[in-house]
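Right, one structure below, let's go through it.
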Amino acid sequence: MTSRYTDYNNWAWLYNETMGPEYSRPQLDFLSKHFLPQIPTGGHILDLCCGTGQLIGPLLSAGYQVTGLDGSEDMLNYAKQNSPNASYLAEDARTFNLPNQFAGVFSTSASLNHIMSLADLSKVFTRVYAALCPDGLFAFDLNHPTQLERWWRSQPTEGEISRHYAWMITPHYDSQLSQGNFTVTIYQDTRKRASYTLLQSLRQRLYRFLSHPRFIGLRLRLLQNLSKLEPKWEKKNLVYPVKGHNLSDVRNALYEAGFDDVVLTTIDGSSDIDSNHSAHFIAKKDIRKSAYKEER
């Protein structure tokens, strides 16, 4: 795989421990309400850019066949551990070729914001359209420019401190370029030790205290200065670029790929896409257009 995907390997273990499980819960609720009711029982579903695969297990348990596709080998390795009964492919979302295999395809947690041009996003849509069976459904979400401009302000937005590691996310967005990135700062204690000193034990109690959601502000301030408290913990910054795609352009690209009945909604089911919500798209592969393309 290219460095575009191997860069995500460095994040895989942390994502599997933290953001993967957390982000999957609301996304599963959305899929259960707006996507799965239109997928036949036992239907084959593609989790596109599946990451560490936290959504795959519940879908298998519900009786669906699931394939997970991702460009990061390490992400896929964790997905295989989490849900070994699914199928997995290490492929690029822009170039994979699985014609007429799936009743539904979904991509969650703003994974497609990592596609950095509308031309490449259109390639993804074309590959998804080809992979769907007639009347198949495609669902995905994006962080959009209005939302990104409001919330991605070069300040830490979330993070945690545990016994042996800590992490923090700092998002940046340039509205003039409609591009941004988020920095994942990871602190890790790689030392092997049998016991803690009194001072170390007190710090651990402080970290547990600050883990409560109400102390997010204090926790983020501490994370910004954690190297002073834990100078022997290894620190690394991982930077991932994103694109703020214009929603009208995205809708048009879906139509150009052949999709019909494109619905735009929030995760709560509202048609009002404001700066507080990501945009969720639901698009259908029109059986009539599909038959027309095959005839030609």
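The values are calculated or read from the model by the stated rules, or taken from the named source; none is laboratory data. Please read these numbers as outputs of a predicted model, since none were measured by experiment. Methodologically, a virtual Cβ is constructed for each residue, glycine included, from the backbone with ideal geometry; neighbour enumeration extends over all protein chains shown. Surface areas here come from the heavy atoms of the whole protein model, side chains and all, with no ligands, DNA or RNA. Shrake-Rupley method; radii C 1.70, N 1.55, O 1.52, S 1.80 Å.
Quick one: how many residues across segment 180-202 are in contact with a helix residue (DSSP H, G or I) (Cβ under 7 Å, 6 or more places away or on another chain) and surrounded by 14 or more Cβ atoms within 10 Å (Cβ to Cβ)?
Just the residues of segment 180-202 that are in contact with a helix residue (DSSP H, G or I) (Cβ under 7 Å, 6 or more places away or on another chain), to begin with: 180, 184, 186-187, 196.
Next cut, surrounded by 14 or more Cβ atoms within 10 Å (Cβ to Cβ) only: 180, 184, 186-187.
Residues that pass the stated criteria total 4.
When you go through P84, P40 one by one, which is the residue that is surrounded by fewer than 20 Cβ atoms within 10 Å (Cβ to Cβ), in contact (Cβ under 8 Å) with a residue 40 or more places away in the chain and either touching a Lys or Arg at 6+ places or on another chain (Cβ under 6 Å) or not hydroxyl-bearing (S, T, Y) (or both)? Walk me through how you get there before you give the answer.
Values: P84 fails: in contact (Cβ under 8 Å) with a residue 40 or more places away in the chain.
Testing whether each residue is surrounded by fewer than 20 Cβ atoms within 10 Å (Cβ to Cβ), in contact (Cβ under 8 Å) with a residue 40 or more places away in the chain and either touching a Lys or Arg at 6+ places or on another chain (Cβ under 6 Å) or not hydroxyl-bearing (S, T, Y) (or both) leaves just P40.
Where residues in segment 75-134 are out of contact with any Leu (no Cβ under 6 Å at 6 or more places or on another chain) and acidic (D, E), which of them is farthest from C50 (Cα to Cα)?
D120
Do we have any residue at all in segment 223-232 that's among the acidic types (D, E), over 24 Å from R25 (Cβ atoms) and at pLDDT 95 or above?
Taking segment 223-232 first, the residues among the acidic types (D, E) are 230.
Filter once more, keeping what is over 24 Å from R25 (Cβ atoms): 230.
Still in the list and also at pLDDT 95 or above: none.
Looking through segment 223-232, none of the residues is among the acidic types (D, E), over 24 Å from R25 (Cβ atoms) and at pLDDT 95 or above.
Report every pair of residues separated by at least 6 positions or lying on different chains whose Cβ atoms are under 6 Å apart, first residue within segment 158-170 and closer than 15 Å to Q200 by Cβ, second modelled with pLDDT of 95 or more and of a type in the set (D, E, K, R).
Nothing qualifies.
Of the residues L112, L137, which is open to solvent by less than 10 Å² (accessible area, probe 1.4 Å), modelled with pLDDT of 95 or more and in a helix (DSSP H, G or I)? Spell out how you get there, then give the answer.
Working: L137 fails: in a helix (DSSP H, G or I).
After ruling out the rest, the residue left standing is L112.
Exactly one of these conditions fails for L14: (1) crowded, with 20+ Cβ neighbours inside 10 Å; (2) over 23 Å from T95 (Cβ atoms); (3) in contact with a Phe, Trp or Tyr (Cβ under 7 Å, 6 or more places away or on another chain). Give me its number.
Evaluating L14 over (1) crowded, with 20+ Cβ neighbours inside 10 Å; (2) over 23 Å from T95 (Cβ atoms); (3) in contact with a Phe, Trp or Tyr (Cβ under 7 Å, 6 or more places away or on another chain) leaves (1) as the failure.
Condition first: of a type in the set (S, T, N, Q), closer than 19 Å to L31 by Cα and touching a residue at least 40 places away in the same chain (Cβ under 8 Å). Now tell me which residues in segment 239-280 satisfy that.
Initial filter on segment 239-280 (of a type in the set (S, T, N, Q)): 246, 248, 252, 265-266, 270-271, 275-276, 278.
Next cut, closer than 19 Å to L31 by Cα only: 265-266, 270-271, 278.
Within segment 239-280, T265, S278 qualify.
State which residue is farthest from L142 (Cα to Cα) when the search covers only segment 261-283 and only residues that are loosely packed, with under 15 Cβ neighbours inside 10 Å and not small (G, A, S).
Taking segment 261-283 and keeping what is loosely packed, with under 15 Cβ neighbours inside 10 Å, we get 261, 263, 268-272, 274-276.
In the following step, the residues that additionally are not small (G, A, S) were identified as 261, 263, 268, 272, 274, 276.
Numbers: D261: 18, V263: 13, D268: 14, D272: 15, D274: 13, N276: 12 Å.
Of everything passing the filter in segment 261-283, D261 is farthest from L142 (Cα to Cα).
Can you name the residue in segment 87-109 that is of a type in the set (D, E, K, R) and open to solvent by less than 60 Å² (accessible area, probe 1.4 Å) and is also farthest from M19 (Cα to Cα) among such residues?
Step one: list which residues in segment 87-109 are of a type in the set (D, E, K, R), which gives 91-92, 94.
Now drop any that are not open to solvent by less than 60 Å² (accessible area, probe 1.4 Å), which leaves 92, 94.
Working: D92: 22, R94: 24 Å.
Only one residue fits best here, namely R94.
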